[in-house]
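Scroll down for the structure; my scribbles are underneath it.
The values are calculated or read from the model by the stated rules, or taken from the named source; none is laboratory data. What you see is a predicted model; the values in this text were computed from it and never measured. Positions of Cβ are generated from backbone atoms using ideal geometry, with glycine treated the same way; all protein chains shown enter the neighbour counts.
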Amino acid sequence: MHQPRTASRRGFLLSTAALAVAGTLGLSARQTQAAQRPEKLIITAIPDDGDADRMRENFGALARLLGKAVGLPVEYMHVENYAASVTALATGRAHIAWLGAVTTAQARMQMGDALTVLGCRDIDKRFVSYFIANPATGLGTLSTLGELAQAAAGKGWSFTFGSKSSTSGHVMPRKFFMDQTGSTPEKVFRTVAYSGSHDVSLRMVADGTHQIGALNYASWDKADAALKARAPIIYKTPPYIDYALAARTDLGPELLAALRSALLAIDGSTPEGAQLLSYLKAGRFVGAEVGEWQQYVELLESGLDIGG
């Protein structure tokens, strides 16, 4: 946290005139702070949906909802990869970012107390990932990932994660795999690939490009029935905390409070609210604190092998 500056002349006694000057300086500081309120807010998001136009449409809806509530224009800025979303927020190119847990942790590690969390979805505090398989593998529902490793031995199957920086499409599925098998996917499968997004992983398993994959449950759930039938679920992970709407603290407490209130007020009573919540597979947004993602900072700092 930044510490307030203290007067350099401690023995100085304030006269009535000096108090008046201090009041004037305080007013000037408040006016300067108000002048620094951005004329426009930029929001970005990790590109975990391979359809950029769909992301622009739905995060554009979030931008409009927040903008109406706080009285500022808010625009969505699309980025091409996960790292770019963190960099945009850390450098100030974006003021707000929709991040996964790992990218929230990466932003926290770069920004420290300059990062805060506005909230998350009601589903994010008990999020899960799915392991899926092409039907040609003959796999059914598995109790553990140890069973998957045994079934894959000697088969020459390939495996796909989503983006390397994805919490639900890579880091947590990898962690659960390593915890339950005592091995890594690279030692079990012929190849391990990174598709870049959840929906691409789903399609690649469905069409047989890869026999096994991991993705977040919301992406699988919203796919059409025919696609899901060609990439059925074989294992559901234990729950973990995932996505967050993060923001720069230099927006100031007043604007941040307004943004938090606006986020928590989004519901299905308006077309844009209903559209956004449907797209994000959420019932509503809930309050959260940045410290709830500290476990991922510790995970990254532990030197966990996240592959590649």
Could you list all residues from the range 269-289 that are farther than 16 Å from residue 221 by Cα and out of contact with any helix residue (DSSP H, G or I) (no Cβ under 9 Å at 6 or more places or on another chain)? 269, 274, 289
Has the range 138-161 got any residue that is within 18 Å of the chain's Cα centre (by Cα) and outside the structural domain of residue 52 (by TED's automatic domain parsing)? yes
How many residues, within the range 102-127, are among the aliphatic types (A, V, I, L, M) and under 13 Å from residue 286 (Cα atoms)? 3
Looking only at the range 290-308, count every residue that is modelled with pLDDT of 95 or more and over 18 Å from the mean Cα position of the chain (by Cα) and tell me the total. 0
Of all residues being touching an Asp or Glu at 6+ places or on another chain (Cβ under 9 Å) and outside any helix (DSSP H, G or I) in the range 203-221, which is surrounded by the most Cβ atoms within 10 Å (Cβ to Cβ)? Just the residue, please. 215
Identify, please: which residue in the range 73-83 is free of Cβ contacts under 8 Å to residues at least 40 places away in the same chain and among the hydrophobic types (A, V, I, L, M, F, W, C) and is, among those, nearest to residue 163 (Cα to Cα)? 79
So which residues in the range 238-261 are under 22 Å from residue 111 (Cβ atoms), assigned to a helix (DSSP H, G or I) and touching a residue at least 12 places away in the same chain (Cβ under 8 Å)? 249, 250, 251, 255, 256, 258, 259, 260
Take the residues in the range 261-308 that are acidic (Asp, Glu) and under 15 Å from residue 64 (Cα atoms); name whichever of them is surrounded by the most Cβ atoms within 10 Å (Cβ to Cβ). 272
Quick one: count up the residues across the range 65-88 that are out of contact with any Gly (no Cβ under 7 Å at 6 or more places or on another chain) and surrounded by 16 or more Cβ atoms within 10 Å (Cβ to Cβ). 13
